[in-house]
Number of protein chains: 2
Amino acid sequence: MEVEDLIRHGGVGWMGGSGAESDVVLSSRVRLARNLEDVPFPGAASDEQREHVYELVRSATQRARGLGNLQPFRLDDLPALDRQILVERHLISPQQADGGRGRGVVIRDDEAVSIMVNEEDHLRIQGFYPGLELERAFELATRFDDFLASELRYAFDGRLGYLTACPTNLGTGLRASVMVHLPALTMAEQMRRLAHGLGQVGLVVRGLYGEGSEMAGSIYQISNQLTLGPTEDEVLSHLQEVTRQVIQQERRARQAMLEQNRVALEDRVWRALGTLRYARRLSTTEALEHLSDVRLGIDLGLITGIAPTILQELLVQIRPAHLQRLTHHEMTAEERDVVRASWIRRRIARALGEQTQA
Amino acid sequence: MEVEDLIRHGGVGWMGGSGAESDVVLSSRVRLARNLEDVPFPGAASDEQREHVYELVRSATQRARGLGNLQPFRLDDLPALDRQILVERHLISPQQADGGRGRGVVIRDDEAVSIMVNEEDHLRIQGFYPGLELERAFELATRFDDFLASELRYAFDGRLGYLTACPTNLGTGLRASVMVHLPALTMAEQMRRLAHGLGQVGLVVRGLYGEGSEMAGSIYQISNQLTLGPTEDEVLSHLQEVTRQVIQQERRARQAMLEQNRVALEDRVWRALGTLRYARRLSTTEALEHLSDVRLGIDLGLITGIAPTILQELLVQIRPAHLQRLTHHEMTAEERDVVRASWIRRRIARALGEQTQA
C-alpha cells in the first residue's frame, strides 16, 4: 500500500460510513499517548534513538496478527506532498508531517487506525470510527495498545500512569474527540457560548485540524483536556454525555430555523448547491461553507438524492495536497481554486446523476 | 384581445427577436408626441374633453386598414393589476397607469405599437423594434402617425412644429431611445463617465423604466433630449451613431475582461446561472443582476444552450404585476420573491431541457 492507494479510496474510510447520531457527529477518535521505557522522549532523543524506536514499532506491527493490514511509512522517505496528504486525512498531525529522522506512521489500510511514531511521544495510537462511537474507537485503539504493550516496554508509573512528553497527556494518555457538524448553532452565533460552557466541564473546542486550525464549514472537534485523574471510562462517558447534549442543542436549533424561517433556510441550502454545481473557482473555506449548507439541507430533508457523506468525502478531497495529487503538478492557490471547483462540480453531477438512475 | 392574452405570449413580442447589434442593443423605440387642435392639453382638459379625444382616437384606429390588429383599452376599465402589467411591458408609462377619465391606450397585438391617449399629450405613438433598428421603429410609428394625421387634426405650428404640453417635446415630438445591455462597462465602473459624455452630445441615460427608474441588471435606456431644432433624421442618425460608439466600447470592455481575467468572468457568469437555477427567493434586482451576468456569458460564448433572449423575456415576466397575474392572488414582496425564484428556475430548466433534446 502506498499513499497513492489511500487517495484512490476517495473519502477517508472511517468517514464514509455513518454511525450513531451521524446527522451531527461525523466521527469519533481516540488517541493513546505511549512512550518506551529507557528511551528519551522524541524531542530529547538522538536521531539514532528515534530510528531505534521506529524500528521497534515497525517490526512489532509486522508481527501483529488479526489486527488488519498494517503499512509502515518512514516520513523522511515520503515526498512532502504525500506527508501533507496524510495530514489532510487526519492520519498524522501537522507537526509529524515536518518529518525528521525516525519519524514514521503505521496505517491500517482502512485508515481506521494510525500509529504515529516519534511525534511528541514515541507512540500515538489513533482509532477512528464514523458517528458517535467513542467506545468502539477506544476498543479499536486499545486492541493495538494491548498488542504493542506485549511487544514493547512502555514507560509506566504505578501512581501517575503512562508517562508522556507533555504533562497534559500524563496518566491515561487518552485524548478522545468527536468531529461535529454544527451549522445551526454556528448560524445562530451560539458557538462562542457553547465553547465557553464546554471549557467549564473540561472539554475544548477546536477546528477541523486541531489546535489553531480553521473553523470552516461549521465543523468542530470537541475533546477532553484532562488525562490525569479520571479513568478512561470516565473520560469517554463524560465526552459522550456532553456530546449528546450538544447534539440535542444543534437539532433544536435546526428545527427552530426550519419552523421560523423555512424559506430562508431552503434558499440558503439550495443556493449553496447551486454555487457548488456552477462556480468556476472555489477556495477551501468557501467550498466548506457551501458543503456545510448542503449537508444541512440533506439532513433536514430539504435536499434529496445526494448522500450525506458527500460532506466528509469532499472535506478531505478538496484540500490542497489532495488536489495537487489529482493534477500531478504543482499549482498556485488560484489554480487550485479552479481545480477544486471543477472537482466538486463533477462529484456533485455524479451524485445527482446517480439519483436520476435510481 | 385582453391584457391576459399579452401575458400568454410570454416575453414582449418586440423583445423576443434579435435585431442588429443584439449583443448589446436589446431594443429600439421611437415615440411621437402629438396633440389635437382646439382641445386643451390633457392636463388642462376637462373629463369630457379627454373622453372626447379618447373616443376620436379609438374610432380612428377602428377604421385603420393594413396596420395590424389594434386593441383599445380604457384604463379606468382595467384593474390596477392589468394597468401595471402594461407598464411592465413598456406599453404605457407609469404616469398613464394612474388612470383617470379618458386615459387610454391602443395596442397592436404584437406589441410593436402602442398609442397612449391622454398621457401628458393627447397622443403618444410608440413603435418598438428588437436590436438597433431606430429607422424601422421610426417608420413603424410614422405609418400610424400618418394614418392618424389623416383622421384627426393635429396641433401644428409652421415655425415650431408639433405643439406639445411640455416644451421639451416641442418641434418633432420625437423621442428615440435604445435599450442597451452594458454589463462590462458597468463592471468596469465606466457608466458615470459614459453618461456624462452622452449628456454632452445631447443624449440622456436612464434606467429600464425611464426617468428615475432603477438601473438594475446593467440595462439602460439612451435617448435624445432635444426635439426642437434637429430634424427627425438628424435625431435618429445622431442617436444611431453614438449608440454604435457605445456598442464598440462595451464590446472592447467585454473582450478586455475576457482576456485579462477569463476565469473570474467564467466564475461570475456560471455562479449567476447556478443561483438562478437554485435560489428559493429572489428580489427583482438580484434576479436582474444574475440574468445580466448569464446573458453576458451567453454573448461571450461561455454559456451555451440558452437563448440570449431569456434576459428580455424574464426581464418582464419577473416584475411584480406579472408574477401576481401568474398566481392569481395578491402577494407580499416576500411571497413574490419565492414565486419569482420558482418561475425563473422552471424557465431555465426548460431552456436547458430543450438543449439536451436538441
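The values are calculated or read from the model by the stated rules, or taken from the named source; none is laboratory data. Just so it is clear, the model here is predicted, and its values are computed rather than measured. Here Cβ is always computed from backbone atoms with ideal geometry, including for glycine, and neighbour counts include all displayed protein chains. The area values use the complete protein model at the heavy-atom level, side chains included, leaving out ligands, DNA and RNA. Shrake-Rupley method; radii C 1.70, N 1.55, O 1.52, S 1.80 Å.
Quick notes on this structure:
- In degrees, nearest ten, helix B:232-260 long axis to first principal axis of chain B (Cα): 10 degrees
- Angle between chain B longest axis and helix B:262-278 axis [Cα atoms, degrees, rounded to 10]: 70 degrees
- Comparing B:Gly217, B:Gly229, B:Gly104 in a Gaussian network model of chain B, where Cα atoms under 10 Å apart are tied by springs, the biggest mean-square fluctuation is seen for B:Gly229.
- Student exercise, segment A:1-120 dipole from Lys, Arg, Asp, Glu Cβ charges, in Debye to nearest 20: 260 debye
- 7 Å along Cα→Cβ, label-point gaps from A:Glu151 to other copies, nm, shortest first: 10.1
- Debye-sum result for segment B:261-351 in log10 I(q)/I(0), which assumes one identical scatterer on each alpha carbon, at q = 0.16, 0.24, 0.26 Å⁻¹: -0.59, -1.18, -1.34
- Tail fraction, Cα-Cα pairs, the protein assembly as shown, threshold 48 Å, whole percent: 39 percent
- What separates the A:Ala20 label point from its copies, with the point 7 Å along Cα to Cβ, is 7.7 nm, written shortest first.
- Cα-based helix-to-principal-axis angle, A:134-151 vs chain A, degrees rounded to 10: 20 degrees
- Considering only A:Gly158, A:Gly297, A:Gly199, the Gaussian network model of chain A with Cα springs below 10 Å gives its largest mean-square fluctuation to A:Gly158.
- Per the Cα gyration tensor, segment B:75-114 maps to an equivalent ellipsoid with semi-axes of 16, 11, 9 Å, ordered largest to smallest.
- Relative protection proxy for B:25-31, A:308-314, from highest mean packing down: B:25-31, A:308-314 (other beta-carbon atoms within 10 angstrom).
- Within the accessible area of segment A:217-323, the carbon and sulfur atoms contribute 48%, probe 1.4 Å, all protein chains present.
- Directionally averaged projected area (convex hull, Cα atoms, segment B:3-253), nm²: 12.9 nm²
- Averaged over the residues of peptide A:280-286, the number of Cβ atoms from other protein chains lying within 10 Å of each residue's Cβ is 3.
- Choice from A:Ala20, A:Ala112, A:Ala272 showing the highest fluctuation, given a GNM over chain A with Cα pairs closer than 10 Å: A:Ala20
- Most positive-pole-ward Cα, A:Ser223, A:Thr243, A:Leu282, against dipole of segment A:204-327 from beta carbon charges: A:Leu282
- Top positive-direction residue, dipole computed over segment A:1-119 with Cβ charges, set A:Phe73, A:Ser18, A:Pro94: A:Ser18
- Chain B, closest residue to the rotation axis toward A, by beta-carbon, whole angstrom: B:Gly274, 2
- Our Cα-only numbers for segment B:186-293 put the radius of gyration and Dmax at 16.7, 52 Å.
- The residues of chain A expose, per residue, 41 Å² of accessible area to a 1.4 Å probe.
- Cα-only radius of gyration and Dmax that characterise segment A:1-119, units Å: 14.9, 47
- Residues of segment B:237-274 that lose at least 40 Å² of accessible area (1.4 Å probe, protein heavy atoms only) when the other protein chains are present, relative to their chain alone, are B:Val263, B:Asp267, B:Trp270, B:Arg271.
- Buried area at the B-A interface (accessible, heavy atoms, 1.4 Å probe, summed, Å²): 1600 Å²
- Net charge dipole size for chain B [Lys, Arg +1 and Asp, Glu -1 on Cβ; Debye, nearest 20]: 940 debye
- Averaged over B:335-346, number of beta-carbon atoms from partner chains that fall within 10 Å: 1
- Computed on the Cα trace of segment A:109-209, the radius of gyration divided by the Kirkwood hydrodynamic radius gives Rg/Rh = 1.03.
- 10 Å Cβ neighbours from other chains, averaged over peptide B:192-201: 0
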